[in-house]
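The values are calculated or read from the model by the stated rules, or taken from the named source; none is laboratory data. Keep in mind that this is a model prediction, so the values were computed, not measured. Reconstructed Cβ throughout: ideal geometry from the backbone, glycine too, with neighbour counts over all protein chains shown. Just so you know, the surface numbers come from the protein's heavy atoms only, side chains and all, with ligands and any DNA or RNA stripped out. Shrake-Rupley method; radii C 1.70, N 1.55, O 1.52, S 1.80 Å.
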Amino acid sequence: MTTKILLFGSNGQVGTELSTHLSEIGDLTLINRSIVDLTSQKDVRNCIRDCKPQFIVNAAAYTAVDKAESEPQLAQQINAIAPQIIAEESNKINAQFIHISTDYVFDGKSNIPYLESDNTNPLGVYGKSKLQGEENIKENSDNYIILRTAWVYGKYGKGNFLKTMLRVGEERDILKVVIDQIGCPTYAEDIAIIIKKIIEQNKGEKYRQDIYHFTNLGVCSWYDFAVNIFRQARKLNYPLKVKEIIPISTAEYPTPAQRPAYSVLSTRKIRNDYNINGDYWLESLERYFQ
């Protein structure tokens with residue numbers, strides 16, 4: 001029997017990759033904001049009731065971290081309330097709900113990789129809305145996986161740090177990039193491959209309630225990430241103007257939203273439970289450019 005999968009956020013940077021990979025393993029229904037308005041509870045409910053999938057994947061999110069500070073209600077509707085509605089409806093039809101969350105649910109005060117069981121304490125509106133989404137899912141679904149990831153970049157979607165660096169690198173001689181925020185860049189395609197593997201391994205498994213962390217392996221700062229973006233770009237003769245990248249502190253680059261200084265996620269649990277290993281972040285970055 002064909003597995004029916006419903007994907008929200010199908011045209012984002014992770015969602016577009018999921019569209020490709022999930023279509024290989026099931027009958028996939030793609031939903032984006034032009035089809036279903038996630039701020040409309042009625043539309044979300046009707047979409048799930050009409051589709052009656054066995055798996056629901058939510059790759060849709062309000063991800064504008066700084067803008068969220070001035071649009072808290074919209075961030076809450078998309079990141080917290082919509083996941084609650086999806087969880088309620090998925091529960092009614094015994095569908096498994098896989099939801100993508102973020103490293104920004106942590107405050108960054110740790111100095112060792114965060115476990116799934118560690119205390120959360122988000123610093124800004126974005127992180128708080130994503131954490132509320134997690135809590136709403138746990139309260140309203142018997143069958144869910146919350147997959148936290150971090151520093152996502154990819155070929156698709158509106159924008160990300162990598163695309164921004166390439167754009168400004170074509171325009172400016174000197175760039176200043178923060179060096180005291182530590183995490184792990186994660187390639188959107190790798191997230192899609194992992195979710196595909198989770199669905200394949202969970203077919204036939206009735207109930208699951210769990211949180212997992214998945215990122216590419218290794219750690220770096222935004223500065224390290226930028227340096228390696230330009231290193232890869234130069235190999236391919238990108239038309240870069242930038243000649244110097246200057247490391248600066250977070251204090252030298254104030255933003256509306258406060259960000260965690262350290263948001264490295266431990267991936268040991270997903271490795272043990274699903275035999276899933278991410279690639280080293282530099283390997284995935286090279287694959288992106290190829």
| Kirkwood Rh, Cα Rg: Rg to Rh for region 1-95? | 0.98
| remark: Semi-axes a, b, c in Å (a largest) for region 139-184, each sqrt of 5 times a Cα gyration tensor eigenvalue, come to 33, 15, 7
| Excluding Y187 itself, what net charge comes from residues whose Cβ is under 11 Å from its Cβ, given Lys and Arg +1 and Asp and Glu -1? | -4
| task | Distance between Cα centroids, region 86-102 to region 165-193: provide it in whole Å. | result | 31
| task | Pick out, in residue order, every one of the GluC sites (Glu not before Pro) in region 154-205 that is DSSP loop and has at most 15 other C-beta atoms within 10 Å; say none if there are none. | result | E205
| query | Could you state the per residue volume, in Å³, of the convex hull enclosing the Cα atoms of region 179-284? | reply | 136
| remark: Of all DSSP beta bridges having both residues in the chain, the percent classed as antiparallel (nearest 5) is 5
| query | Along its principal axes, what span do the Cα atoms of region 25-76 show, with the longest given first and each in whole Å? | reply | 38, 25, 17
| query | What percent does the relative contact order of the chain come to when contacts are Cα pairs within less than 8 Å and at least six residues apart? | reply | 22
| task | Pairs of Cα atoms under 8 Å, at least six residues apart: use those to get the relative contact order of region 155-267, whole percent. | result | 50
| Rh (Kirkwood; distinct C-alpha pairs) - region 78-157, Å | 13.4
| query | Ordering L217, L131 by how much accessible area each has at a 1.4 Å probe, largest first, what is the list? | reply | L217, L131
| request: Go through region 185-197 residue by residue and turn each phi into a ³J(HN,Hα) via Karplus (6.51, -1.76, 1.60, θ = phi - 60°); whole Hz please, and just put x for glycine and proline. | output: x, 10, 6, 4, 5, 5, 5, 4, 5, 5, 5, 4, 5
| field | Volume per residue of the C-alpha convex hull in region 113-228, rounded to whole Å³ | value | 140
| note | Residues whose modelled amide H sits under 5 Å from the amide H of Y114, counting only those 5 or more places away in sequence or on another chain, are V264, L265, S266
| remark: With every protein chain in place, the accessible area of W281 for a 1.4 Å probe, in Å² rounded to the nearest 10, comes to 10
| note | On each of the three principal axes the extent of the alpha-carbon atoms of the chain, given in whole Å and largest first, is 56, 38, 36
| remark: Counting only residues 5 or more apart in sequence or on a different chain, those whose built amide H sits under 5 Å from that of I56 are L6, Q96, F97, I98
| field | Distance between region 218-235 and region 117-163 - C-alpha centres, whole angstrom | value | 24
| request: Calculate I(q)/I(0) for region 30-176 by the Debye formula, one identical point scatterer on each C-alpha and no solvent, and give its log10 at q = 0.08, 0.09, 0.16 Å⁻¹ to two decimals. | output: -0.26, -0.32, -0.92
| said: Full-extension gain between N121 and T39, please, as 0.36 nm times their residue separation minus the C-alpha to C-alpha distance. | reply: 27.0 nm
| remark: For Y280, the residues 5 or more places away or on another chain with a placed amide H closer than 5 Å to its own amide H are L217
